[in-house]
Amino acid sequence: MQIIPAIDLKDGKCVRLRQGKFNEVTVYYDNPEEAALRWQNEGAEVLHVVDLDGAKEGKISNLPSIKKIREAFRGNIEVGGGIRRIEDIELLISSGIDRVILGTVAAQSPEFVKKVCKKFPERIIVGIDAKDGLVAVKGWVEVTEIKAIELALKMQDYGIWGIIYTDISRDGMLTGPNIEATKALVEAVKVPVIASGGVSSLEDIKRLAQIENLWGVITGKAIYSGAINLKEAIEMVKK
């Protein structure tokens, strides 16, 4: 299982939001590439980068920072945040980004996902944010009637590389991940699933690692606050 550090970008800086709220911001690094180098030195092979301004604006807003992270980091990088246009996907891939994450657009325009999976095979990840098993969209503002597992199966048929699954009631709250919901999704699909949201301790990572075939877990606040030592966590899951 991969342990994937998150770098959230706002105004070109590496930050964290509490439960996705733009008015509750902590700045960790003025230069996000420093965070990328730190996590690489601690053993990370994959980075999860979110353009928070992009998520708000609906277009890429932190490209210079994304490019600096790409120059600094040797492993795979996945980028998400308000990506809704083919041009933006092309721009990220041509900037050396390995995989592009689509969120709201997957629930609202499934045909778009189908189209881009054909154009960029093995490069598209769908982020499914769920609350009580139902898909939430638009930066978690709206909860739909769509079941997370149903959306996951539909996206799998379209040829996505994998899924990032977030239980939004737990994100940034350090309350522990939703093991049951994550396990149910992993068992339902054949593509890689990356768990996200609520990881607060090595114990949480240990519990996630027991889910057979879970591809990875994203951790943000816990590694920045020191609640989890990334190097230790990576060594633990390799045993």
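General observations
- The residue list 214, 208, 202 contains one member that is farther than 28 Å from residue 89 by Cα and either in contact (Cβ under 8 Å) with a residue 60 or more places away in the chain or in contact with a Leu (Cβ under 6 Å, 6 or more places away or on another chain) (or both), which is 208.
- Residue selected from the range 121-135 under the condition under 17 Å from residue 192 (Cα atoms) and touching an Asp or Glu at 6+ places or on another chain (Cβ under 9 Å), by the criterion modelled with the lowest pLDDT: 129
- Matching residues, the range 21-37, being out of contact with any strand residue (DSSP E or B) (no Cβ under 7 Å at 6 or more places or on another chain) and surrounded by fewer than 17 Cβ atoms within 10 Å (Cβ to Cβ): 21, 22, 23, 31, 34, 37
- So residue 153, is it in contact (Cβ under 8 Å) with a residue 24 or more places away in the chain, part of a helix (DSSP H, G or I) and open to solvent by 10 Å² or more (accessible area, probe 1.4 Å): yes
- In summary, no strands (runs of 3 or more DSSP E) completely within the range 161-228 bear 3 or more residues that are surrounded by fewer than 23 Cβ atoms within 10 Å (Cβ to Cβ).
- Residue 26 meets all of the listed conditions (1) at pLDDT below 95; (2) not in a strand (DSSP E or B) but one, namely (2).
- Residue in the range 71-88 that is in a strand (DSSP E or B), crowded, with 18+ Cβ neighbours inside 10 Å and modelled with pLDDT under 95 present: no
The values are calculated or read from the model by the stated rules, or taken from the named source; none is laboratory data. Here the structure is a predicted model, which means the values were calculated and not measured. Positions of Cβ are generated from backbone atoms using ideal geometry, with glycine treated the same way; all protein chains shown enter the neighbour counts. Side chains included, ligands, DNA and RNA excluded: accessible areas come from the protein's heavy atoms. Shrake-Rupley method; radii C 1.70, N 1.55, O 1.52, S 1.80 Å.
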